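Data block below; observations after.
The values are calculated or read from the model by the stated rules, or taken from the named source; none is laboratory data. The model shown is predicted, which means the values in this text are computed figures rather than measured ones. Neighbour counts are summed over all protein chains in view; Cβ atoms, including those assigned to glycine, are modelled from backbone coordinates with ideal geometry. Ligands, DNA and RNA are stripped out before the accessible areas are found, and what is left, the full protein with its side chains, is counted by its heavy atoms. Shrake-Rupley method; radii C 1.70, N 1.55, O 1.52, S 1.80 Å.
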Amino acid sequence: MKSFTYERAKDPVAAARAVAGHPGAKFIAGGTNLLDLMKIEVETPTHLVDVQDLGFDRIEKTGDGGLRIGALVTNTDLAADDRVRRDYAVLTRAIVAGASGQLRNKASTAGNLLQRTRCPYFYDTNMACNKRKPGSGCAAIGGYSRQLGVIGVSNSCIATFPGDMAVAMRVLDAVVETVDGTGQRRAIPIADFHRLWGDHPEQDTVLKPGELITAVTLPRPLGGRHYYEKVRDRASYAYALVSVAAVIQPDGTGRVAFGGVAPRPWRVEAAEALLPQGAAAVTARAFAGATPTKDNAFKLPLATRALASVIAQSKA
Amino acid sequence: MKFETPAGTNPIDRMTVVGKPTSRVDGPLKTTGLAPYAYEHHREIANPAYGHVVGAAIGQGTIRSIDLAEAKAAPGVLAIVTAADAGKLGKGKYNTVKLLAGPQVDHYHQAVALVVAETFEQARAAAALVRVDYARAKGRYDLAEALKTAPLTGGSSDEGSAAPPIDRTGRFERAFAAAPVKLDAEYTTPDQSHAMMEPFASIAAWKGDELSVWTSNQMIDWGRSDLAITLNMPKDKIRFLSPYVGGGFGGKLFLRVDAVLAALGAKAAKRPVKVALTRPLIANNTTHRPATRQRIRIGAAKDGTITAIAHESGSGDQPGGSPETAVNQTKLLYAGANRMISMRLAVLDLPEGNAMRAPGEAPGMMALEIAMDEMAEKLAMDPVAFRVKNDTQVDPEDPKRRFSQRQLVRCLNEGAQRFGWSRRRAPGAVRDGRWLVGMGVAAAFRNHMNMPSGARVRLSPAGVVTVETDMTDIGTGSYTILAQTAAEMMGVPVYSVVLKLGDSSFPVSAGSGGQFGAANSTAGVYAACVRLRASVAQRLGFNSADAVFEDGRVTSGNRSADLRQAAATGELVAEDKIEFGDLDKTWQLSTFGAHFVEVGVDAYTGVTRVRRMLAVCAAGRIINPVSARSQVIGAMTMGVGGALMEELAVDKRFGLFVNHDLALYEVPVHADIPHQEVVFLDEADDKANPMKAKGVGELGLCGVGAAVANAIYNATGVRVRDYPITLEKHLDKLPAVA
């Protein structure tokens, strides 16, 4: 771990300003991902701005019948909230499918959106990685890629976004609210929040330097039946090989997003329109143009079969 | 005490303490944090400096130069050790590869330097500033490729299995060609990591030319001897201590670099130094269970009698290394007049392969017991009945040798009955909601090994019995079973026995490995107690032969005395060790069992989840049923890991195990293990040792993987022969769902 300076921010705009004005600075909330990466020098911030005193720890109703989730609401509290469990069950299911109880107690809503990839080459500083060190190359391409991405990846990076919570938020059309150091606020649809890697895999999201997440809002409840199907080798405490977040309406229409396959939660609206035709129709469209490796080609049929299980449950 | 003839009746047979479920005597220390592990000897070492290991960034090549300027200038740095300034180092007898790289790099994450600083954080930060210029060389990292030209090689794991390069009985090829029913199949097992909870760690302190090392090691005398060789110093100047070990699984059988670099770092910094390997370093820096590629051929008559059996295995290791002896059990497990086993060893430049829990048998049984399942199906026989049919009570290669005890058939039959085996249906026939449900069985087999083991026992005037031996407790329960043994022998309660373990100043024991620890180390304490009883009887003026030690008293005929009286004029001390004659040549000493597993395979995703497991074991006298059960359920859990998820992924370009942390090298979590049951058959093996005990710690693993694999086949009708059985290996053959 490299030495760094540390401050505890007292208000959000000042926090954003502190990060924007200090090259190499980062926010820290729960620290469940950042500290691990700092210990192995995958992350080497020069300055940490701790946002834990900023509040942002409430879940409130919005004027249009949705929910505003403070950026610092813990994963545990979010998953356990009665309104979330009743009206946005896909979100609760996704959260409790991730990490462990201890980590969820500490991890924040904003931090979860910002967690970094789990590509093993990203984690090993001896290996080339464009995400860790821009321009150094990608050791994962041609290497061990069973966990890695099958679509939306690039010649620079084939990593995935590893989270579960964001996949559920994607089917719910969540919106990420931010503030910057000038006090400027912005509302970013989650569809646009995570970037595809392209030539700049070092940039995970569209956030500008110093831009601070203050809340995630959910629109009015969708109704329907909610599913989070997470496929993994062991029963708990493992990243998704493939996950499916879905909200299915009584008429068989609905929404679906996939996790573990791409740089961001993978939802193709034109594909989910095909839900009434069955899983294969949806995934054929959603994964058109996929570029899997030999190691992870199984994720394509797996996505179809995982979605088929959701559709079957919705009809049961 | 030399054990040369089968044990007659002895004080252990009373089984008033031995054989009784006994909670861990060290449990309260562990649950209150008072049992110091290797990194935690704060009482002995108040002000250590901290060492951080730099691992090699290449799989094969040389170090051109190392620039230490930045690291040396970093805050808190006291010293840096590299091969260039460490002086001439030897290589330990049990190490295949030298522990400190330079200029040659033998494998990825081989230690290149140790940075010593005032704090752990300073050492870690400075370690990242060590600039190493490497010349990368082409390495051999592809086992399948390397095996094409690999020679036949015999080998021993040093702590269990041994097998010659090739071994024939009868005429295998002819018998196999003539067999009406036959199987010829290939199986693979991957490289596996021990993934023990406690990382490798050591604290070293010098006093003049004397060195003390607190470490985490299974074999005190091996470690001490190899440290002396490595540092070119007299063994008697080293004190080597490992009183508590947080898991080893064979990874800590040997001297590793944490101990060596702590000693060198302490010398350079002129201060005690503690070193722990960080988790990401462990998989590549230390040893692992080597991958295997195995071919099994079985020929049988139509009635199921095996007429020909051959098992060939290939594995790889560093130059000078040894093969994974995966064919060993096939010499002994089933009858058959015509037999062949052979092993090939390829040279690889991956990290050093070595023993991991049940070396040889664990991966060997993963293959052999699938083959038996496949053969039973070809014969249209029940897999239990097929195994029973081919049981043998003699060594199939040498029918004059009988097994000392062999209750495999009873294990299978009793297990089948308890497990509800009769409810097993044809492959793919049982469905429970989205789950395809199947049952599988495998035999369990692991050889027993005799190892000399010494102990010293003391009787104090207060009647406290103290046991001193360098035996280790790696979480297995050694403290408890040694206390039970001394308590039984001296006729005192377990709480009157004090145990002092894991210290090279005590008599050399068997150590912990190869499931030989429990039986041999208790036999060593037995031997020392026999001597102490003789001293007690002499002090009290009794005839030692007929004195009974019971309830703190010594009784002979109508005379009786308080045990404490014997030490009233001064502590009594006795020391002895158990040694063995050739009973293990006359008789075949092995342990047996049967594993039954029920799995569900998700018809949609192909994911397998174990539903329930049963092990029935026949392994000699069970000294402590609760710690033995813990050993077996832990081993069964490890077997599930091997069957379903554990695999060190090899990057064949750069020569490393890529998934080198516990996030991506997955081992089972609680949610993977819903229900386990363990049954021990009554057995006392008088050919093994005076305790009449053998071991269970590895038996509990051998066969589990195949039982899971066979259950998956029974669930799906799709046979997978490559471990781990992850979903993509059968997904495309599962029934269509969309």
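Neighbouring Cβ atoms from other chains, within 10 Å of the Cβ of residues in B:656-664, number 6 on average.
Once you order the gyration tensor axes a ≥ b ≥ c over the Cα atoms, which shape class does region A:5-52 get: rounded for a/c under 1.5, otherwise prolate or oblate by comparing a/b with b/c? Oblate.
When the Cα positions of B:GLY360, B:PHE386, B:LEU408 are compared along the charge dipole of region B:343-408, B:LEU408 comes out farthest toward the positive end, with charges on each C-beta of Lys, Arg, Asp and Glu.
Magnitude of the charge dipole for chain B, about its Cα centre and with charges confined to Cβ atoms of Lys, Arg (+1) and Asp, Glu (-1), is about 480 debye.
Ligands, DNA and RNA are left out, and with a 1.4 angstrom probe the accessible area of region B:450-583 is 34 Å² per residue. The phi torsions of region B:550-556, fed into the Karplus equation with coefficients 6.51, -1.76 and 1.60 and a -60° offset, translate into couplings of 7, 6, x, 10, 10, 10, 9 Hz, rounded to whole numbers, with Gly and Pro shown as x.
If you sort the three axes of the alpha carbon gyration tensor as a ≥ b ≥ c, you get a/c of 1.5 or more for chain B and a/b no higher than b/c, which makes it oblate. Once A binds B, the 1.4 Å probe can no longer reach about 3200 Å² of accessible area, counting both sides. For region B:633-738, the set of trypsin sites (Lys or Arg not before Pro) satisfying both a DSSP loop assignment and a count of at most 16 other C-beta atoms within 10 Å is given as B:ARG653. Counting Lys and Arg as +1 and Asp and Glu as -1, what is the net charge of the other residues whose Cβ lies under 12 Å from the Cβ of B:ILE66? Charge balance near B:ILE66 sits at -1.
When shorter helices are ignored and each DSSP H run of at least 4 residues is given -39500 (n - 2.57), the per-residue value for chain B at 222 nm works out to -7000 deg cm²/dmol.
Mind jotting down the distance between the C-alpha centroids of region B:211-233 and region A:32-87, whole Å? After rounding, the separation between the Cα centres reads 49 Å. Counting only other chain Cβ atoms within 10 Å of each residue's Cβ, the peptide A:134-146 averages 3. DSSP beta bridges confined to region A:5-52 are antiparallel in about 0 percent of cases.
3J(HN,Hα) along region B:577-585, derived from phi through the Karplus expression 6.51 cos²θ - 1.76 cosθ + 1.60 where θ = phi - 60°, amounts to 9, 7, 10, 10, x, 10, 4, 7, 8 Hz, with x in place of Gly and Pro. Using only Cα coordinates, the Kirkwood hydrodynamic radius of region A:225-315 works out to 13.1 Å.
Residues in region A:225-315 average 34 Å² of solvent-accessible surface per residue, probe 1.4 Å, ligands and nucleic acids excluded.
Rounded to the nearest 5, the antiparallel percentage of DSSP beta bridges internal to chain B is 75%. The portion of the accessible surface of region A:5-52 made up by carbon and sulfur, rounded to a whole percent, is 54 (1.4 Å probe; DNA, RNA and ligands excluded).
With the alpha-carbon atoms of region B:590-685 aligned to their principal axes, the span from lowest to highest coordinate is 52, 35, 21 Å, starting with the largest.
Semi-axes of the equivalent ellipsoid of the protein assembly as shown are 51, 37, 28 Å, computed as sqrt(5λ) over the eigenvalues of the C-alpha gyration tensor in descending order. Just the number, please: carbon plus sulfur as a percent of the accessible area of region A:225-315, 1.4 Å probe, no ligands or DNA/RNA counted. So the carbon and sulfur contribution to the accessible surface is 53 percent. Counted as membrane-span-like here are DSSP H helices of chain B whose alpha-carbon atoms extend 27 Å or more along the helix's own axis and whose Kyte-Doolittle mean is 0.5 or above; these are B:625-644.
Computed packing ranks the peptides B:577-585, B:621-629, B:442-450, A:5-13 as B:442-450, B:621-629, B:577-585, A:5-13, most packed first, by mean other Cβ atoms within 10 Å. Taking the Cα centroid of region B:579-658 and of region A:287-316, what is the distance between the two, rounded to the nearest whole Å? Using only Cα atoms, the two centres lie 33 Å from each other. Overall, the anisotropy analysis places region B:450-583 in the prolate class: the square-rooted eigenvalues a ≥ b ≥ c of its C-alpha gyration tensor yield a/c not less than 1.5, with a/b exceeding b/c.
Look at the stretch B:594-605: the mean tally of other chain Cβ atoms within 10 Å of its residues' Cβ atoms is 3. Dipole orientation for region A:148-242: of the candidates A:GLN184, A:CYS157, A:ALA238, A:ALA238 has the Cα lying most toward the positive pole (charges on Cβ; Lys, Arg +1; Asp, Glu -1). Of all DSSP-defined beta bridges confined to the protein assembly as shown, some 75% are antiparallel rather than parallel. What residue among B:GLN515, B:GLN565, B:LEU333 has its Cα farthest toward the positive end of the dipole of chain B, where the charges are +1 on Lys, Arg and -1 on Asp, Glu, each on the Cβ? So the residue we want is B:LEU333. Placing unit charges on the Cβ atoms only, positive for Lys and Arg and negative for Asp and Glu, gives region A:264-316 a dipole magnitude near 80 debye about its Cα centre. Of the trypsin sites (Lys or Arg not before Pro) found in region A:35-129, those in coil by DSSP whose Cβ has at most 14 other Cβ atoms within 10 Å are A:ARG58.
Note that chain A shows a convex hull volume over its alpha carbon atoms of 126 Å³ per residue.
Placing unit charges on the Cβ atoms only, positive for Lys and Arg and negative for Asp and Glu, gives region B:450-583 a dipole magnitude near 360 debye about its Cα centre. Annotation note: trypsin sites (Lys or Arg not before Pro) in region B:1-88 located in DSSP loop regions with a Cβ neighbour count of at most 12 within 10 Å are B:ARG43, B:LYS88. Packing, taken as the mean count of other beta carbons within 10 Å per residue, orders the peptides A:153-163, B:236-246 from highest to lowest as A:153-163, B:236-246.
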